[in-house]
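The values are calculated or read from the model by the stated rules, or taken from the named source; none is laboratory data. What you are looking at is a predicted structure, and each value in this text was computed from that prediction instead of being measured. Quick reminder, even Gly has a Cβ in these numbers, built from the backbone with ideal geometry, and neighbours come from all protein chains shown.
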Amino acid sequence: MRHRRGWALKDCSFRLPAGRICGLVGPNGAGKTTLLSIAARVLEPTQGTLGLFGAAPGPVDPGRTAFLAQERPLFRRFTVAETLRLGRELNPGWDQRAAEDIVRAGDVSFDAKISTLSGGQRTRVALALALGKRPDLLLLDEPMSDLDPVARKELMGTVLADAAERGTTVLMSTHVLAELENLCDYLVVLSGGSVRLAGDVDELLSVHTMVTGATEGEGLPASLAHHSLVESRISGRQFTALIRPEGPVAGPGETDSPSLEELLLAYLRSPDAPPLITPTAQVQDQAYTTRTVAA
Ligand SMILES: Nc1ncnc2c1ncn2[C@@H]1O[C@H](COP(=O)(O)OP(=O)(O)OP(=O)(O)O)[C@@H](O)[C@H]1O
């Protein structure tokens, strides 16, 4: 996706298997909203293609995708009840009860006008609208940003339970790294419009190792040079490094598995680290990658 100021997304190819809950992480301006908007067909990419639901790129039933956009676009003059009614009339597979349950759980009045709702309440209604559609693909742009901690847990629990029951694929951007651990089983990290990391969370964690120990001289131990270095920090005479081992990790220092938050922080701090796209996340079919959509 190219804007007048330059590329918002470039060399951005990955595959998200069906039924996975995928966290989309990256610094401000990395291209997360752009990617979600392309997936939701709100934006047409300048180049490249998007394939949905295992089909070759082409028209898809818009009812199969729901998008919770960052600005939560709702009609301000509608009441909550009218908003849900709109959802019901526009979507053949609409589930009124599921949508109402989400609104009710937040004690939001069905008679309240959207313009009078708080940011978090608006997010709740927008999420009710998205989940009421019963989508196969749920695209969430920073769903937790204006929710209080209790509402976050409750609503993300609803999303997860719903996805588990119906096999929904979820792609969710967030800056709340600590909470991703309990939410996602798949991950895409963007930086500068490109994919830095993509794949199954367990697989990504298993191919990385944290090493800590005493520095050699003032730097990292020479033995670490045999591995791919993602990030290292030196504090006094101690170092901490996140590596992708290229064999057994020998030499001084203790090794440990990184937490998901440690893994993500290391990649976010080091945009020049070598990218890693695991085999399940690689695009196999050339048709998905090269066709020019619009001049
Ligand atoms: N309509 C536009 N015109 C010009 N540039 C744009 C436009 N929309 C987005 N961009 C640029 O594209 C890049 C990616 O923006 P995007 O909103 O996708 O980032 P993001 O990862 O969602 O950021 P954030 O975490 O701040 O929400 C940014 O550099 C942004 O300035």
Quiz item: Among (1) of a type outside the set (D, E, K, R); (2) within 28 Å of Glu100 (Cβ to Cβ); (3) crowded, with 19+ Cβ neighbours inside 10 Å, which single condition is Pro62 missing?
Solution: (3)
Quiz item: Has the stretch 81-101 got at least one residue that is under 30 Å from Arg269 (Cβ atoms) and among the acidic types (Asp, Glu)?
Solution: no
Quiz item: If we scan the stretch 109-132, do we find a residue that is in the same structural domain as Arg41 (by TED's automatic domain parsing), outside any helix (DSSP H, G or I), buried (at least 22 other Cβ atoms within 10 Å of the Cβ) and touching a helix residue (DSSP H, G or I) at 6+ places or on another chain (Cβ under 6 Å)?
Solution: no
Practice problem: Could you please tell me which pairs satisfy a Cβ distance under 8 Å, a separation of 6+ or placement on different chains, a first residue in the stretch 189-205 that is free of Cβ contacts under 8 Å to residues at least 60 places away in the same chain and within 15 Å of Val230 (Cβ to Cβ), and a second residue that is outside any strand (DSSP E or B) and aliphatic (A, V, I, L, M)? | Solution: Leu205/Leu260; Leu205/Leu263
Quiz item: If we scan the stretch 260-268, do we find a residue that is under 30 Å from the mean Cα position of the chain (by Cα) and among the charged types (D, E, K, R)?
Solution: yes
Quiz prompt | Residue under evaluation Gly247, criteria (1) surrounded by 13 or more Cβ atoms within 10 Å (Cβ to Cβ); (2) within 23 Å of Pro274 (Cα to Cα); (3) not basic (Lys, Arg), criterion not met | solution = (1)
Exercise. Answer yes or no as to whether Phe75 is within 25 Å of the chain's Cα centre (by Cα), of a type in the set (Phe, Trp, Tyr) and surrounded by fewer than 14 Cβ atoms within 10 Å (Cβ to Cβ).
Key: no
Self-check item: Residue match in the stretch 38-58 (condition: free of Cβ contacts under 8 Å to residues at least 12 places away in the same chain and within 13 Å of the ligand (Cβ to nearest atom))
Solution: no
Quiz prompt | Candidates Phe14, Phe53, Phe67, filtered to the one that is aromatic (Phe, Trp, Tyr) and farther than 22 Å from Leu190 by Cβ | solution = Phe53
Quiz item: Among the residues of the stretch 149-189, how many are aliphatic (A, V, I, L, M), farther than 30 Å from Arg97 by Cβ and at pLDDT below 95?
Solution: 2
Quiz item: Just checking, how many residues over the stretch 23-50 are of a type in the set (A, V, I, L, M, F, W, C), farther than 12 Å from Leu190 by Cβ and crowded, with 18+ Cβ neighbours inside 10 Å?
Solution: 3
Practice problem: Taking only the stretch 53-99 into account, find how many residues are in a loop (DSSP other than H, G, I, E, B), touching a Lys or Arg at 6+ places or on another chain (Cβ under 6 Å) and not basic (Lys, Arg). | Solution: 4
Quiz item: Mind checking which pairs have a first residue in the stretch 69-92 that is closer than 11 Å to Val125 by Cβ and in contact (Cβ under 8 Å) with a residue 12 or more places away in the chain and a second that is of a type outside the set (Phe, Trp, Tyr) and part of a loop (DSSP other than H, G, I, E, B), Cβ under 7 Å, 6 or more apart or different chains?
Solution: Thr79/Asp111; Thr79/Ala112; Val80/Val108; Val80/Ser109; Val80/Ala112; Ala81/Asp111; Thr83/Leu74; Gly87/Lys133
Quiz item: Within the stretch 180-199, can you find the residues that are surrounded by fewer than 18 Cβ atoms within 10 Å (Cβ to Cβ) and more than 16 Å from the ligand (Cβ to nearest atom)?
Solution: Glu181, Asn182, Asp185
Practice problem: List the number of the failed condition for Lys10; all other conditions in (1) more than 16 Å from the ligand (Cβ to nearest atom); (2) among the basic types (Lys, Arg); (3) in contact (Cβ under 8 Å) with a residue 60 or more places away in the chain hold. | Solution: (1)
Quiz item: Hey, Arg4 hits all of (1) within 7 Å of the ligand (Cβ to nearest atom); (2) surrounded by fewer than 23 Cβ atoms within 10 Å (Cβ to Cβ); (3) at pLDDT 95 or above; (4) among the charged types (D, E, K, R) but one; which does it fall short on?
Solution: (3)
Quiz item: Hey, among Asp141, Asp95, which residue is away from the ligand (no atom under 16 Å from the Cβ) and charged (D, E, K, R)?
Solution: Asp95
